[in-house]
Amino acid sequence: MSDIILKTVGLYKQFGALSAVDHATIDFKQSEVHVIIGPNGAGKTTLINLLSGDLLPTGGTIHYKDQEITDLPPDQISLLGIGRSYQKTNIFPEFTCKENCWLAGQSRQGSSMKFFKAASRLKEVHVRAEKGLEMAGLTSQANTVASAMSYGEQRQLEIAMMLATEPDLLLLDEPLAGMGTEEATEVTKLIKKLSEDHTIILIEHDMDAVFAVADTLTVMVNGAVLETGTPEQIRASKAVQEAYLGDEDGDH
Ligand SMILES: Nc1ncnc2c1ncn2[C@@H]1O[C@H](COP(=O)(O)OP(=O)(O)OP(=O)(O)O)[C@@H](O)[C@H]1O
Ligand SMILES: [Mg+2]
């Protein structure tokens, strides 16, 4: 069998006249950390939104395992085992960490309302919520109200919420954004750990983190895929240096 778990073929998304994602054909391999980099506005978040079902493509197709998932809604994509975190924090601030994870875990239940199944399912959700907190290193904060935590911890909580849905494949949109050095190091370690038993598609601007975790890199510019390769290939690529990595200050 193929080791490609997720694949886009000629995927595109237009907003009016703008091609935010421009005929992107990308293979994502099972068990890899595949990082997507590119300047602001390159279309990275839009690509993730298409993969998670939050946006419908204008054209092209998306395939997960042996199934075409191009037009599926987000809840069905989540049920298939694709979890995502958002670039902007997406938690309920007045709820505790555990409650936030519980709510997220519940979304993986499907829509059956059969009464007899309800009790055992509730228990399953609790187990999943606790597992998500543990994997994200937040067990000691289970009963802390989310708004009382630091920004970095809230981003970690978001990862815990995603893990509470027990995904196989993680879509992470700038999980280190807005974090201090220490928090960023912690979350980079967490991503590395999660990569042992998950396939990960990561958008990240922090180049130290990118090169610390990436198996494969895709560079996007103006909605299109400029190049895909190993970190060494991308570092050595003239086209990438000119379009992106060559920025004097490494910022953009
Ligand atoms: N809902 C929308 N409606 C109209 N235009 C949009 C919408 N979402 C994104 N865009 C535009 O599509 C382009 C790609 O945006 P996107 O957010 O995918 O970029 P990005 O690579 O994630 O950037 P950043 O690094 O700043 O997060 C941008 O020009 C953006 O302004
Ligand atoms: Mg973005």
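Within the bounds of segment 225-238, is there any residue that is surrounded by 14 or more Cβ atoms within 10 Å (Cβ to Cβ) and either touching a His at 6+ places or on another chain (Cβ under 8 Å) or not assigned by TED's automatic domain parsing to the domain that holds F15 (or both)? Looking for residues that are surrounded by 14 or more Cβ atoms within 10 Å (Cβ to Cβ) and either touching a His at 6+ places or on another chain (Cβ under 8 Å) or not assigned by TED's automatic domain parsing to the domain that holds F15 (or both), one finds none in segment 225-238, hence no.
T70 falls short on exactly one of the conditions (1) assigned to a loop (DSSP other than H, G, I, E, B); (2) more than 22 Å from Q106 (Cα to Cα); (3) within 16 Å of ligand 1 (Cβ to nearest atom), and that condition is (3). Looking at P74, P39, just one residue is within 22 Å of L202 (Cα to Cα), in the same structural domain as A177 (by TED's automatic domain parsing), surrounded by 15 or more Cβ atoms within 10 Å (Cβ to Cβ) and away from ligand 2 (no atom under 16 Å from the Cβ), and that residue is P74. Annotation: R84 fulfils all but one of (1) under 21 Å from V219 (Cα atoms); (2) away from ligand 2 (no atom under 16 Å from the Cβ); (3) basic (K, R); the unmet one is (2).
Pairing residues of segment 34-49 that are assigned to a strand (DSSP E or B) with residues that are basic (K, R) and within 7 Å of ligand 1 (Cβ to nearest atom), at Cβ distances under 6 Å and at least 6 apart in sequence or on separate chains, gives I36/K44.
None of D22, D27, D54 is within 16 Å of ligand 1 (Cβ to nearest atom), part of a strand (DSSP E or B), of a type in the set (D, E) and outside the structural domain of A160 (by TED's automatic domain parsing) except D22. With respect to the conditions (1) surrounded by 15 or more Cβ atoms within 10 Å (Cβ to Cβ); (2) under 18 Å from the mean Cα position of the chain (by Cα), H23 falls short on a single one, namely (2). Under the condition of being in contact (Cβ under 8 Å) with a residue 40 or more places away in the chain and either within 15 Å of ligand 1 (Cβ to nearest atom) or within 19 Å of I77 (Cα to Cα) (or both), the residues counted in segment 5-17 number 9.
The values are calculated or read from the model by the stated rules, or taken from the named source; none is laboratory data. Note that the structure is a prediction, hence the values are computed from the model and not measured. Cβ coordinates were reconstructed from backbone atoms using ideal geometry, including for glycine residues, and neighbour counts include every protein chain displayed.
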